[in-house]
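Participant: Quick one: the structure is below, questions incoming.
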Amino acid sequence: MPDATGLELLASDLRASEGIGTEAILGTLHFRGSGTLEVAPTSIRTVLAALRERGYGFLASVHGLDYYPEEPRLGVHYELLDMSSVDRVTVKLRVSIDAPEVDSVTPDGQDGKGWPTADHQEREIYDMFGVIFRGHPDLRRILMPEDYEGHPQRRDFPVGGEPVIFTYNEHDSTGVPR
Amino acid sequence: MTPSISEYRQREQSITLSALPTEAGEGDTHDELLTLNFGPHHPATHGVLRLLVTLQGEVVRSIKPVIGYVHTGIEKTAEDKAYWKVIPVVERMDYLAYYFNSMAYVGAVETLLEVEVPKRAQYLRVIHLELNRIASHLIWLGTSALDLGAVSIFLYCLRERELILDLFEMSSGARMHTRYFQVGGVIEDIPVGFAEKAREFCKVMPARTDQYRAILDANQLILQRLRGTCPLDAETLLGLGVTGPLLRAAGNPWDLRKAAPYSSYEDFDFKIPVGTVGDNYDRFAVRVAEIYESVKIIEQALDGLPEGPHITGDRKVALPPRHELATSMEALIHHFKLVTEGFRVPPGEVYNPIEGPRGELACFVRSDGSSKPARVHMRDSSFVNLQALSQMAEGSYIADMIATLAMLDPILGGIDR
Amino acid sequence: MEIKRELVGSPLRVEGQDAQELLRGNELTGRNAPAQLEGAELERYVHERVLTTTLEKAVSWGRSNSFFPLAFGLACCAMEQFQTAGPRMDIARFGFEAFRASPRQADLIILAGRVSIKMAPIIRRLYDQMLEPKWAISMGACCSSMGVFNNYALVPADKFLPIDVHVPGCPPRPEALMHGILKLRKMVQEDPDAGWRERYKAQGTEETLPGA
């Protein structure tokens, strides 16, 4: 958990390094003892590669969220861990729901080695939110059936379920005919 | 009326679902690759995991796990409920490590609220977490031994697990999914007699584990199935995001209880078992050794259990004790607001990792200032560990693949959420 | 305000005969009274009321005491199913410890756990592969109703599978599961055609459609 000054130093270090530039790091946030870097979606691979060089070699989690009703709606968080100095940093990016495309960090590429752990996790984000990861080796639905329509964990997707049956509506249900 | 089948269902009806070409070699029909479906229902009781295995003879060439057969939409349901109502929903994710699920979630909410957990509650949490770790390892040991053919170990492990479930029933009233951890502490203090019974269990457990090891460690069948099969080095495992006993078996002693202690783990003296080779036998030995270490932690926690409240005194977060409701108006109002609406959490995002029995179990909570979470995501260790299966088992026999799957300890509830 | 109390009907006698009569309606008055039945219905009425033959009773007794459960655990309830097969709450003392791996050899499917929409067709296929006579126990709240999770991803088991006994609980204790299995055993002993077969009028594995 780098402290607030450490986070700012890291951000300015990344901005100064070539390949990333100042527009890539959109902001920093230090909240409850852990630091977050917000990056532009196009430069996620270079930022993760640069962080890997600085010691954050373990990608603990890739998860998505829906910031409804704020735009841009879809967010993807990458949790990085530096095992030797027990340091965590979060990298987050946001894409709008009309163009939900992000470079996948799973495969190796010209801008650095890939993170194989992101394989299933990016598939889950695609399944649940609809974020399309360019370059992912096998982007299919992972938790829902493959021919399912809709992205369940978006905030405007209904929770669904069966109506609770009381005496006033018990004959409306399918199932046990009386 | 025959409904038209989607392309996915048509593909399901054929067997050529492998990513590899179906013919290897030219004109040599003995080297054909065959794709088999280890369907979601199979007796290797690790849950409803489906493996598409491409075989060349008896050798596994590629494995594609297909999951989602017990997907419950836990994260979606959790967005619909007040913060404390999410606890029972989230507990049912990794159904063998229910205290760990709730610990990760409750820890995240406590970080957001900046509420302090009293020392006694932290020790009680540690006792229950380590008991749950032993229970989870016992089921793993039982079902893995069942896979490898040692049926009696299954019954012995279930006998031990009954003792642990008795302890859980004593402290919270339920055997599984106990809702014992709440935001700010634990829901109730332990009753009289819990400490004695837990100490009895701690006296009995190492002797029983010695018995299991005596049966399994000297058994040539088990040793031949586990020794030297499907090793994977720590470097690859780290790239795949694997943590927990699998990583420790490969030699990397990463354990969040020591590296980033939470909930008073720094007060206890215990070792981290580490393997050398990273094969199936090391994974087996590391988990069995962890049982001994957990017993040590429980004994130390019982010895050093401090006096004090079992939940935070902040009435905006935790329910007031019932006797106060009769005398204090404020307590009544707090109780009412907490039960009907729930507490409001300041907006923010928090990622809270803990060390579960299978690795790093973390909970990400995003709150938008209301009384319901805006996003709850559980980073489950089995979900990430499953990606290592193909690299571990490719190139080995089917029997080794089954043994590796057993040693991987996947819990489909956590994988599918 | 004056409250009048009166005894409603005759007190309930907890014996099999009376309970069955109560469940099927008051037969001595009402539509199904024997005086009003004719022809085939009267035949059926007599057939159901007359004690079944000794051979049928013996066969039912044998079937009920030798369930072969299908080793089928989905989620948390499967852990309590293991405990039911464990040493304390021993399912083997009733004779049901032979959990079969193949549905062709099993006659009791205990749906232990939550049924997701991806898994439902597979369970149906397993159930269809089982041979007659077969029974189904829905263990736990998640498959009986939607349980804790009332959302898009789950299917209550009643929608695709005819269930004989629902065991509530989350997860049900081994004692509760045992109670459910013994209830099923009693059901099979006394009248193997009761339960869902009577309700759905189904004797085979044809799909049960609502309202049919």
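Participant: Check the straight Cα-Cα distances from residue A:92 and name the lysines below 24 Å, setting aside those fewer than 8 residues away within the same chain.
Facilitator: Hits, sequence-local ones excluded: A:113, B:76, B:372.
Participant: I've got another one for you. Could you work out how far apart the two model spin labels at residue C:128 and residue B:340 are, taking each label as a point 7 Å from the Cα in the direction of the beta carbon, and quote it in nm?
Facilitator: 5.2
Participant: To continue, here is another question. Could you state the per residue volume, in Å³, of the convex hull enclosing the Cα atoms of the stretch B:47-109?
Facilitator: Cα-based convex hull of the stretch B:47-109, divided per residue, equals 108 Å³.
Participant: Now for a different question. Cα to Cα, under 20 Å, and not fewer than 8 places away if on the same chain: which lysines meet these conditions relative to residue C:159?
Facilitator: List returned: C:118, C:134, C:201.
Participant: Putting +1 on Lys and Arg Cβ atoms and -1 on Asp and Glu Cβ atoms, find which of B:311, B:193, B:215 reaches farthest to the positive end of the dipole of the stretch B:185-322.
Facilitator: The listed residue farthest towards the positive side: B:215.
Participant: Now for a separate question. Let me know the shape class of the protein assembly as shown, please: from the alpha-carbon gyration tensor, a ≥ b ≥ c as square roots of the eigenvalues, rounded when a/c is under 1.5, otherwise prolate if a/b is greater than b/c, or oblate.
Facilitator: In terms of gyration-tensor shape, prolate.
Participant: Treating only the Cβ atoms of Lys and Arg (+1) and Asp and Glu (-1) as charged, compute the dipole magnitude of the stretch B:223-280 about its Cα centre; round to the nearest 20 debye.
Facilitator: In debye, rounded to 20, the stretch B:223-280 gives about 240.
Participant: Rounded to a whole number, what is D in µm²/s for chain B from Stokes-Einstein with the Kirkwood radius over alpha-carbon pairs (37 °C, 0.692 mPa s)?
Facilitator: Answer from the Stokes-Einstein relation: 143 µm²/s.
Participant: Under a crude label model (7 Å from the Cα following the beta-carbon direction), how far is residue B:170 from residue B:200 in nanometres?
Facilitator: The two pseudo-label positions are separated by 0.7 nm.
Participant: Sticking with this structure for a sec: Using Cα atoms only, what is the angle between the long axis of helix B:194-217 and the major principal axis of chain B, expressed in degrees (0 to 90) to the nearest 10?
Facilitator: It works out to around 10 degrees.
Participant: Here is a further query. Taking +1 at the Cβ of each Lys and Arg and -1 at the Cβ of each Asp and Glu, which of A:90, B:49, B:82 sits farthest along the dipole of the protein assembly as shown towards its positive end, judged by Cα position relative to the Cα centre?
Facilitator: Most positive-ward Cα: B:82.
Participant: While we're here: Taking 0.36 nm per residue of sequence separation and subtracting the Cα-Cα distance, how much length would be gained by fully extending the chain between residue A:138 and residue A:85, in nm to one decimal?
Facilitator: Going from the current span to full extension adds 15.7 nm.
Participant: Please report the relative contact order for chain B, taking Cα pairs under 8 Å with a sequence separation of at least 6, and give it as a percent rounded to a whole number.
Facilitator: 24
Participant: Let me know the shape class of the stretch B:142-272, please: from the alpha-carbon gyration tensor, a ≥ b ≥ c as square roots of the eigenvalues, rounded when a/c is under 1.5, otherwise prolate if a/b is greater than b/c, or oblate.
Facilitator: Judged from the Cα gyration tensor, the stretch B:142-272 comes out oblate (a/c at least 1.5, b/c at or above a/b).
Participant: Follow-up question, since we're still on this one. Suppose every Lys and Arg Cβ carries +1 and every Asp and Glu Cβ carries -1, with no other charges. What dipole size does the protein assembly as shown come out with about its Cα centre, to the nearest 20 debye?
Facilitator: The dipole magnitude comes to about 1500 debye.
Participant: With all distinct Cα pairs included, what does the Kirkwood hydrodynamic radius of the stretch C:52-108 come out to in Å, to one decimal, could you say? Walk me through the intermediate numbers first.
Facilitator: Numbers: mean 1/r = 0.0798 Å⁻¹.
Here the Kirkwood hydrodynamic radius works out to 12.5 Å.
Participant: Projected onto the charge dipole of the stretch A:30-176 (+1 at Lys/Arg Cβ, -1 at Asp/Glu Cβ, origin at the Cα centre), which of A:105, A:125, A:163 gives the Cα projection farthest towards the positive end?
Facilitator: A:105
Participant: Oh, and also: Among B:332-342, A:89-99, B:347-357, how do they line up by average Cβ neighbours within 10 Å per residue, starting with the highest?
Facilitator: Listed from highest to lowest mean packing, they are B:347-357, A:89-99, B:332-342.
Participant: Additional query: Using the Cα centre as the reference, give the magnitude of the dipole from point charges on the C-beta atoms of the stretch A:1-129 (Lys, Arg: +1; Asp, Glu: -1; all else neutral), rounded to the nearest 20 debye.
Facilitator: Its charge dipole is roughly 260 debye.
Participant: If you average the sequence gap of Cα pairs under 8 Å that are 6 or more apart and divide by the length of chain A, what percent do you get for the contact order?
Facilitator: 16
Participant: Still on this structure, please answer the following. Pairwise over distinct Cα atoms, reciprocal of the mean inverse distance: report the Kirkwood radius of the stretch B:141-204 in Å, one decimal place.
Facilitator: Taking every pair of different Cα atoms in the stretch B:141-204, averaging 1/r and inverting gives 13.4 Å.
Participant: Of the peptides C:134-144, A:150-160, how do they stack up when ordered by the mean number of other Cβ atoms within 10 Å, highest first?
Facilitator: Ranked by mean Cβ neighbours within 10 Å, highest first: C:134-144, A:150-160.
Participant: Please work out how much length the chain gains when fully extended from residue B:370 to residue B:314, using 0.36 nm per residue of separation minus the C-alpha to C-alpha distance, in nm with one decimal.
Facilitator: Going from the current span to full extension adds 18.3 nm.
Participant: Next up: What FRET efficiency comes out for the pair residue B:189/residue B:267, r = Cβ-Cβ distance, R0 = 25 Å, nearest 0.05?
Facilitator: 0.80
Participant: Rounded, prolate or oblate for the stretch B:224-315? Axes are the square roots of the Cα gyration tensor eigenvalues, ordered a ≥ b ≥ c, and the cut-off for rounded is a/c under 1.5.
Facilitator: Taking the square roots of the gyration eigenvalues as a ≥ b ≥ c, the stretch B:224-315 is prolate.
Participant: Something else now. At R0 = 45 Å, how high is the FRET efficiency between residue A:42 and residue B:114 if r is their beta carbon distance? Nearest 0.05 is fine. Don't skip to the end; give the middle numbers.
Facilitator: Details: r = 36 Å, r/R0 = 0.79.
Efficiency, from the Cβ-Cβ distance: 0.80.
Participant: In addition: Can you give me the distance in nm between label points at residue A:147 and residue A:99, each placed 7 Å from the Cα along the Cα-to-Cβ direction?
Facilitator: Here the answer is 3.4 nm between the modelled labels.
Participant: At a Förster radius of 60 Å, what calculated FRET efficiency corresponds to the Cβ-Cβ distance of residue B:32 and residue A:23, to the nearest 0.05?
Facilitator: About 0.65, to the nearest 0.05.
Participant: When the label point is put 7 Å from the Cα of residue C:104 along its Cα-to-beta-carbon vector, which residues of the stretch C:60-98 have a backbone N closer than 19 Å?
Facilitator: From the stretch C:60-98, the list is C:68-72.
Rule-based calculations on the coordinates, nothing more; no lab input. Here the structure is a predicted model, which means the values were calculated and not measured. So basically every Cβ, Gly included, is an ideal-geometry build from the backbone, and we count neighbours across all protein chains shown.
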